[in-house]
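Trainee: This is the structure, below, for whatever I ask next.
The values are calculated or read from the model by the stated rules, or taken from the named source; none is laboratory data. Being a predicted model, the structure only gives us computed values, none of them experimental. No Cβ is skipped: glycine too gets one built from the backbone with ideal geometry, and neighbour counts run over all protein chains shown.
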Amino acid sequence: MTLEVESRKETLAEDGLPVEELVVNVGPSHPSTHGVCRVIVHLDGEIVTRAEPVIGYLHRGIEKMCENRTYLQVVPLTDRLDYVGSMYANWAYCRAVERLAGIRVPERAEYLRVIVCEMQRIASHMMSLGSAAADTGAATMFIYAFDERETIVELFEDLCGARLTYNYVRPGGVSFDIPEGWTDRLLEFCRTHRVALREMDKLWFGNVIARGRMKGIGVLAADDAVAWGASGPVARGSGVNWDLRKHDPYSVYPRFDFDIPTGSAGDVYDRARVRLYECYESCRIIEQAVAQMPGGPIKAEGLQRLIAPRPGDAYDHIESARGSLGVYIVSEGGPRPHRVKFRSPAFCNLALLPLIAEGHMLSDLVVCLGSLDPVFGEVDR
Amino acid sequence: MALVNEPRHDEIGAPDRTPIAVPVTVGVTDDFPGGIAGFVARWRSLFTGLRITGGRALGPSKTLRYPAEKYEVSQRWRGALRLQGVLGKNEIPLLREPSPTYNAKIEELYRTDRLAPCMGNCPANVDARGQNYFMAEDRSVEAYELVRDRNILPGVLGRICHHPCETACRRNFYDEPVAIRPLHRIAYEAYTDQAPEIVPFERTSDKRIAIIGAGPSALAAAYDLMKLGYGVTAFEKEEKPGGALYSGVPSYRLPREVLHGEIDNIVALGLDLRCGVEVGPDVPIEHLLGEYDAVLIAVGLQQSRILPIPGNDSEGVRGALEFLRAANWRGEAGVKGKRVFVIGGGNVAVDVARCALRVGATEVRLACLEGDDEMPCHPWELEEGLDEGMIAMCSLGPEEVLAEDGVVVGMRMRECLAVFDETGRFSPKFGENLTDVPTDIVVFSIGQAPMLAGVVAGSDLHLTERGLLPVDGTVFTTDHPGVFACGEVVTGPGSCIGSISTGHEAAISIHRYLHDESLREGRVARPVPTYARYAVADVDGVEESRRRVEMPMARGEDRAHDFRQVELGLTHLEALQEAARCLRCQSEVCVGCTFCARTCPDYAIQVERVDDPGGRAVTRYDLDLTKCCFCGLCAEQCPTDALRHTGQYELSFYHRDLAQFDIDEMLRDGDGTRATGRDGEHGHKVGETQ
Amino acid sequence: MSGLLGGIVFGLVGGVAIALSTMVGVYGERKIAAKIQRRFGPQETGPYGLLQLPADTLKMILKEDITPRQADARIFKIAPYFVFVPIAMGLVVIPVAAGWAALDSSIGILFFLAVPSLSVLGILIAGWSSGNTYATIGGMRGAAQMISYELPRTLSVLAVVILAGSLRPVDVVQAWRWWWIPLNFIGIVVYYISSIAELNRGPFDIPESESELVAGYFADYAGIRWGIFMMSEYGGMLAASLFGAAIFLGTLTWLPGPFGIITFLLGTGVIGSSMIWVKWTFPRMRPDQLMTTAWKVLTPLALVQLVIVGVVVPWL
Amino acid sequence: MNITELRDHLCEQHPDLCPLFSIEFGDGVLSVSCDKLYEAASGLRDLGFDRLGMATAVDRGETFEVVYRLTSRSMSVGIFLKCHVPRDAPKTNSLFPLWPAALWQEREIFDMFGIDFEGHPDMRRILLPDDWVGHPLRRDYTDDRMIRRPDYI
């Protein structure tokens, strides 16, 4: 692909008349950009000749803000990174802080973290599948997916009092233990969710029109996926077998039996269906985690409220719904981090948009964008 | 221990983060079949979709019907912040201006059963929070009396206690614990300065109790019993009272005048103290049993244990207690110019080592089985000892005392690999390496044993094979009715404050025994308090006024050669400031510590308080709800549990000012809030402010 | 003179009917969509939310009529009527009782197929005059789509015309026999699909495709002008349903005499509801897939239907 | 593969890089000088580090520390590649030719720190508007709109 910046170009058609390339500005305020993304689309008829994402509309300078805050005050900020999957940013950040400060997390807290993050994965994938469906006009599929998400969000609300920005995972543990009867509701959800997933599979992935919209669109080769740093369902849809839960196992994940769905074609269809199948696996993990969960404290004992780790830097990453979410913290001593860097999977995945959207039609552009599942809180930080 | 020093902690279940061999994968690609079947499948997929949506249309709705089936907010819903309205609505102005009755209100709250962490972690439940409150108000005498109620010897414990209260102090979470122990000492000093007249306890009962021993536990029991109106007589073997405090604790830590001053105070309260009377030889215990209504054995441990290793009968092998007695009482232990080798890693061993330095030893080594990070002595003691020139040799077990012609010339030590087995039981594993250390004196400080044979001679009290007295650990009875025991004779070597707590318990038992009440009702065996050792707080950048007052210490090389006090003590003003640092945990009253404001990620909370140590009062507490992100960090940080989230809340206001909550609003009780306007009165109020 | 008067009266009645049918259509669509999505739909305004639509209409009328600065104002303002009027005109030839139509024309079927198609002009100028890239693309797509789907639609109707031997809708209704349904099955399917496509409704709503072109050719319209586009859509839906129920299903003759109107209205309702059901079930097609469907699937199918009918008719 | 195995492997394959390798906080770190950065990076890529996970920079006062985190799928191990660029002449080689993933991440570093990457095909601002003045993640960056929060702690 070409990378030099071009403005509108005027060419001469065969009959000698000047022809102006049609440039469409998709976004920043547009129903299908999943946030505030602007894509400058150069069209030849309906064919996209070049799509250039312009990001930064939601840039809040979170990394700069972190420099002025204590370690604990950063936790609510991480909620606002990936607002569809707040738990992941919470957890990744807390893992990095724990590594830096040498905090040992109680086992029950680790299980709770795994449970909430797998729930979050389902919730996030439901959001992704639903909105990707809505991109193609299937509003009902969107609502069905959001129904599933709603159940999880309600469970989260009972767990920690918030529906979107949970602030649940804290350095050293989690903020609340599970309330009474919560696990029963969770297991009941896992049961009904599988039924709903099968229904969605038929309604959406089995549908001839949906397949027509997704098959062969936005094909990403496995080599490209690796080289461009794609991760999560985007990479796995291309057949790249890479899941940090298996390949760089963290927390208590080695204790669970689960599979990694991978696609082969690397098109939008495979990426989306990987997400669907991951929901099944998340249900499996949740059920195992609930069965295995030990008692005990949910927060490390004797934890300093004012965390002031020794100088040094720590990187930790977890597999979020969008891919490997890394947090890099540099401490120079003192109660405030010197630098916090969030390696957001959505940012790296979005860089692939020009690659996969080129040559497709304008209608496919939004489908390609939706299949990358960007959350702009995380892209722009 | 919750914190580990290694920067990279081991993951639970995945210590080395090695990948799992071959991940199983599930293929997701799917396609229609070709040909006619594909044509049929394509059309069928359309009807499948219509069937699913149609089926759902016929099913029940998932949405709730409003308002009949209104969604109920969860218990943990993060709503508006409220300060606990413990003081009540009418008392709101008290929070704003320093008021003489404000602290009295809080004092009242202290009397309830809300134990602060410092009280809970103290074996004797000394009211450190109350002490801090009185000290901050400069009411030292009251502070002293409050502490003495449970602590018996505040001046003594203020110097030698291992302060589990400070370990538990909530302030540890934020910066550094309040200096509770030094404040005991200040309270005592202020008390002696003011020297109020001591009114003896009124004798209300004609029952008499004999206590054998005059150590901390005996004094604690005596104090409680005198307070209950009994006549108490204490029999002390030595010439001076104090027990282990007198014979064992070196005077650089505990000046003798403080000890005796404290005991004199207790004597002045009505204790009949008879020194130089040894029960057994002088007064048979049978005589006491006949004379008194109850007898309490609190003789403590008098005998050092010596390891059964070759050469332990050589000249120059000493026991720790004998050594300490000699050093403490005579100021001379026969080690001048000699090399001393102390075996043991406990506090007594460190005391021995430090005393040895003071009585003129040229080189003092201390050897223990444990590694340097798991020595049983308190880390600060070890540190002070090291400052003074002591040499610590860790992970070494005694193998043999090397002697020539029956005189010690050295010590052979064997490398110790591990002290505890996997289950945490004491079972040392030794390696092959041997170390020979030349020395002149070997002091065994590996534990002590009681000497009870003489005490119980002639009574029907039985001793076990190891010479111990069988005692119930909950109610402190022996197998002879009317005879009780407390202190280290029951618990084994332990802390001073732990002994005192057993004295209090034994006093309760004796009281109930004399009134023929059930001894056990409502009592449980007191667990030995365990506590996490907090990491040293990194206080870089913490402003000076928030930091703990540093205890001035004599310089290591200065103090190492005489018995003057090491800790020099705080000034009066420092003590007041330090007491004001107390967070008054669990009082559920905002004390203006500003931790909520410090931790708020949105800086939505503004707290101002009177910066006067005595009249602590919150003058301003503003919450800007337009900034609040409902993260809940503030409520979690609140040390007094004064801040909480409530369910009654809505972010809809008729006026922008209403989103600024001030103290009045923050303290408002009940269901109706200004924000919701849920009840008529407050709804009306919204209208009024327009 | 009476003709003019009749025209005016009919115009008023027809206009009200279209407005009412729009309301019923929108209400029905919202309720059905809500049921499919397990919601309630409108329920707060009036009993069962019935007053929601009058309220919405009122709101739409009262809203400011905005003309974008870069738009070609005159054409922009007039474009909605170019869409609405042809569709309304199409209604006049539909028989509403056995043997009676408002305009009993001998070329009624041709009229019904030809005149509403003129709304493509309105869509084109609406898209073009908005001066907005999205609207332009939407207008172009709409034009291409509507013209393409004319063909299979016309061909599918032609089969019925051959069977009935007349272009007069009233005659077709009277000639209708029950076995036309199995015989004409492919034609019915083709008519149904191409009608939906002709109306730019999902899954063929690519000219307005909300998630790509925001709202396509009427992206820049507001207030009542936007409402007229909505009315055209629902009016078109009404017309297509009525026409299908009358010509293809012959519902007017299912019950004797004037009672036929009951089955007729029921049939219309079923067809309209099924259109809503389809829209809320399927995703949108891509423009090229849409064209493929029109030219490579529906047109051949319609031709097959013609051949079948052509073979059968001589044997009758 | 754990860190020590990685070190052995690295020392075997690239003896010149071996002395630059260290282990900090349990992670392998390869600190190189910036003119050797590209060389070291291509060496690591040949060694099997096929993913560029993260690229960022840290303001270290006199210098900016450019940090790349590379991951190897085959070895399941990560490594940091660090180099210091001087603050007054922030310039280094782009790793875009090795890993296209650096395209946006290096743009972000340029945006936030003003470090110029030679060989990068599209060195523009990415998150901030093109007319933004200054590079915000530098510690000395100030702005009229920046609010200094109350210095509580």
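Trainee: Within segment C:113-147, can you find the residues that are surrounded by fewer than 20 Cβ atoms within 10 Å (Cβ to Cβ) and either polar (S, T, N, Q) or at pLDDT below 85 (or both)?
Mentor: Within segment C:113-147, C:Ser117, C:Gly131, C:Thr133 meet the criteria.
Trainee: From C:Ile206, C:Ile193, C:Ile228, C:Ile262, grab the single residue that is free of Cβ contacts under 8 Å to residues at least 12 places away in the same chain and either in a helix (DSSP H, G or I) or more than 28 Å from C:Gly165 (Cα to Cα) (or both).
Mentor: Testing whether each residue is free of Cβ contacts under 8 Å to residues at least 12 places away in the same chain and either in a helix (DSSP H, G or I) or more than 28 Å from C:Gly165 (Cα to Cα) (or both) leaves just C:Ile262.
Trainee: When you scan segment B:106-123, do you find a residue that is touching a Leu at 6+ places or on another chain (Cβ under 8 Å) and either within 30 Å of A:Pro179 (Cα to Cα) or modelled with pLDDT of 70 or more (or both), even just one?
Mentor: No, segment B:106-123 has no match at all.
Trainee: Within segment C:42-61, how many residues are free of Cβ contacts under 8 Å to residues at least 60 places away in the same chain and either more than 14 Å from chain B (Cβ to nearest Cβ) or outside any loop (DSSP other than H, G, I, E, B) (or both)?
Mentor: Summing the residues that are free of Cβ contacts under 8 Å to residues at least 60 places away in the same chain and either more than 14 Å from chain B (Cβ to nearest Cβ) or outside any loop (DSSP other than H, G, I, E, B) (or both) in segment C:42-61 gives 13.
A quick yes/no check of all residues on (1) in contact with a helix residue (DSSP H, G or I) (Cβ under 6 Å, 6 or more places away or on another chain); (2) facing another protein chain (nearest Cβ under 10 Å); (3) modelled with pLDDT under 85:
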| residue | (1), (2), (3) |
| --- | --- |
| A:Pro31 | yes, yes, yes |
| A:Ile40 | no, no, no |
| A:Arg69 | no, yes, yes |
| A:Thr78 | yes, no, no |
| A:Val84 | yes, no, no |
| A:Met87 | yes, no, no |
| A:Trp91 | yes, no, no |
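Trainee: In addition: Out of all the residues in segment A:55-75, which are farther than 17 Å from A:Gly326 by Cα, surrounded by fewer than 24 Cβ atoms within 10 Å (Cβ to Cβ) and within 19 Å of the chain's Cα centre (by Cα)?
Mentor: Residues satisfying the conditions are A:Gly56, A:Tyr57, A:Leu58, A:His59, A:Arg60.
Trainee: Within segment B:469-490, does at least one residue satisfy the condition of being out of contact with any Gly (no Cβ under 6 Å at 6 or more places or on another chain) and closer than 27 Å to B:Glu400 by Cα?
Mentor: no
Trainee: A:Leu244: closer than 30 Å to B:Pro601 by Cβ, hydrophobic (A, V, I, L, M, F, W, C) and either within 7 Å of another protein chain (Cβ to nearest Cβ) or touching a strand residue (DSSP E or B) at 6+ places or on another chain (Cβ under 8 Å) (or both), yes or no?
Mentor: The answer is yes for A:Leu244.
Trainee: Are any residues in segment B:570-599 within 14 Å of another protein chain (Cβ to nearest Cβ) and part of a loop (DSSP other than H, G, I, E, B), and if so, which ones?
Mentor: Correct list: B:Leu583, B:Cys585, B:Gly592, B:Cys593, B:Thr594.
Trainee: Applying the selection to segment A:206-234, what residues are in a helix (DSSP H, G or I), more than 7 Å from every other protein chain (Cβ to nearest Cβ) and under 21 Å from the mean Cα position of the chain (by Cα)?
Mentor: Selection gives A:Met214, A:Ala222, A:Asp224, A:Ala225, A:Pro233, A:Val234.
Trainee: In the set D:Asp111, D:Asp131, which member is more than 10 Å from chain A (Cβ to nearest Cβ) and either more than 30 Å from A:Pro249 (Cβ to Cβ) or in contact (Cβ under 8 Å) with a residue 12 or more places away in the chain (or both)?
Mentor: Working: D:Asp111 fails: more than 10 Å from chain A (Cβ to nearest Cβ).
The unique qualifying residue is D:Asp131.
Trainee: Quick check on B:Ile441: is it under 19 Å from B:Phe341 (Cα atoms), in the same structural domain as B:Ala353 (by TED's automatic domain parsing) and surrounded by 21 or more Cβ atoms within 10 Å (Cβ to Cβ)? It would help to see each step written out before you state the result.
Mentor: Working: under 19 Å from B:Phe341 (Cα atoms): yes; in the same structural domain as B:Ala353 (by TED's automatic domain parsing): yes; surrounded by 21 or more Cβ atoms within 10 Å (Cβ to Cβ): yes.
Yes.
Trainee: Would it be correct to say that A:Arg113 is modelled with pLDDT of 85 or more, in contact with a strand residue (DSSP E or B) (Cβ under 8 Å, 6 or more places away or on another chain), away from chain D (no Cβ under 13 Å) and assigned to a helix (DSSP H, G or I)?
Mentor: For A:Arg113, the condition - modelled with pLDDT of 85 or more, in contact with a strand residue (DSSP E or B) (Cβ under 8 Å, 6 or more places away or on another chain), away from chain D (no Cβ under 13 Å) and assigned to a helix (DSSP H, G or I) - is met.
Trainee: Which members of segment B:43-58 meet the condition of being modelled with pLDDT under 85 and facing another protein chain (nearest Cβ under 7 Å)?
Mentor: Correct list: B:Arg56, B:Ala57.
Trainee: Just checking, how many residues over segment C:1-41 are hydroxyl-bearing (Ser, Thr, Tyr) and either without any contact (Cβ under 8 Å) to a residue 24 or more places away in the chain or not in a helix (DSSP H, G or I) (or both)?
Mentor: 1
Trainee: Let me ask you something else. Quickly run through segment A:323-341 and pick out the residues that are hydrophobic (A, V, I, L, M, F, W, C) and facing chain D (nearest Cβ under 9 Å).
Mentor: Taking segment A:323-341 as the starting set, the residues that turn out to be hydrophobic (A, V, I, L, M, F, W, C) are A:325, A:327, A:329-330, A:340.
Matches in segment A:323-341: A:Val330 only.
Trainee: Mind checking whether some residue in segment A:68-80 is touching a Cys at 6+ places or on another chain (Cβ under 9 Å), under 27 Å from A:Ile152 (Cα atoms), assigned to a helix (DSSP H, G or I) and free of Cβ contacts under 8 Å to residues at least 12 places away in the same chain?
Mentor: The answer is yes, given that some residue of segment A:68-80 is touching a Cys at 6+ places or on another chain (Cβ under 9 Å), under 27 Å from A:Ile152 (Cα atoms), assigned to a helix (DSSP H, G or I) and free of Cβ contacts under 8 Å to residues at least 12 places away in the same chain.
Trainee: The conditions are (1) assigned to a strand (DSSP E or B); (2) within 14 Å of chain D (Cβ to nearest Cβ), and A:Leu100 fails exactly one of them. Which is it?
Mentor: Looking at each condition in turn, A:Leu100 falls short on (1).
Trainee: Now a separate question. Please work out which residue is surrounded by the most Cβ atoms within 10 Å (Cβ to Cβ), limiting yourself to segment B:179-226 and to residues that are among the charged types (D, E, K, R) and either within 21 Å of B:Glu238 (Cβ to Cβ) or without any contact (Cβ under 8 Å) to a residue 40 or more places away in the chain (or both).
Mentor: Filtering first and then ranking leaves B:Arg181.
Trainee: Looking at D:Ser22, D:Ser42, can you tell me which residue is closer than 23 Å to A:Ile329 by Cβ and surrounded by fewer than 20 Cβ atoms within 10 Å (Cβ to Cβ)?
Mentor: It is D:Ser22.
Trainee: Related question: Can you confirm whether D:Asp16 is more than 14 Å from chain B (Cβ to nearest Cβ), farther than 19 Å from D:Gly119 by Cα and among the acidic types (Asp, Glu)?
Mentor: Yes; evaluated as a whole, the condition is true for this residue.
Trainee: Let me ask something additional. Name the single residue, out of those in segment A:280-315 being acidic (Asp, Glu) and surrounded by fewer than 22 Cβ atoms within 10 Å (Cβ to Cβ), that is nearest to the other protein chains (Cβ to nearest Cβ).
Mentor: A:Glu301
Trainee: If you go through segment B:628-644, how many residues are more than 21 Å from B:Cys118 (Cβ to Cβ), outside any loop (DSSP other than H, G, I, E, B) and at the interface with chain A (Cβ under 9 Å from one of its Cβ atoms)?
Mentor: Applying the first criterion (more than 21 Å from B:Cys118 (Cβ to Cβ)) to segment B:628-644 yields B:628-635, B:644.
Going one step further and asking which of them are outside any loop (DSSP other than H, G, I, E, B), we end up with B:633-635, B:644.
Next, only the ones that are at the interface with chain A (Cβ under 9 Å from one of its Cβ atoms) stay: B:633.
So the answer is 1.
Here's the yes/no breakdown for (1) touching a helix residue (DSSP H, G or I) at 6+ places or on another chain (Cβ under 6 Å); (2) touching a residue at least 24 places away in the same chain (Cβ under 8 Å); (3) within 30 Å of C:Lys279 (Cβ to Cβ); (4) surrounded by fewer than 18 Cβ atoms within 10 Å (Cβ to Cβ):
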site: A:Val169; (1), (2), (3), (4): yes, yes, no, no
site: A:Arg191; (1), (2), (3), (4): no, no, no, yes
site: A:Val195; (1), (2), (3), (4): no, no, yes, yes
site: A:Lys202; (1), (2), (3), (4): yes, no, yes, yes
site: A:Met214; (1), (2), (3), (4): yes, yes, yes, no
site: A:Val219; (1), (2), (3), (4): no, yes, yes, no
site: A:Asp248; (1), (2), (3), (4): no, yes, no, no
site: A:Val268; (1), (2), (3), (4): yes, yes, yes, no
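Trainee: Could you list all residues from segment A:126-166 that are part of a helix (DSSP H, G or I), away from chain C (no Cβ under 14 Å) and in contact (Cβ under 8 Å) with a residue 40 or more places away in the chain?
Mentor: A:Met126, A:Met127, A:Ser128, A:Phe156, A:Leu159
Trainee: Can you tell me which residues in segment B:444-479 are in a loop (DSSP other than H, G, I, E, B), buried (at least 16 other Cβ atoms within 10 Å of the Cβ) and touching a residue at least 60 places away in the same chain (Cβ under 8 Å)?
Mentor: Within segment B:444-479, B:Ser445, B:Ile446, B:Gly447, B:Pro450, B:Met451, B:Leu452, B:Ser459, B:Leu461, B:Leu469, B:Thr478 meet the criteria.
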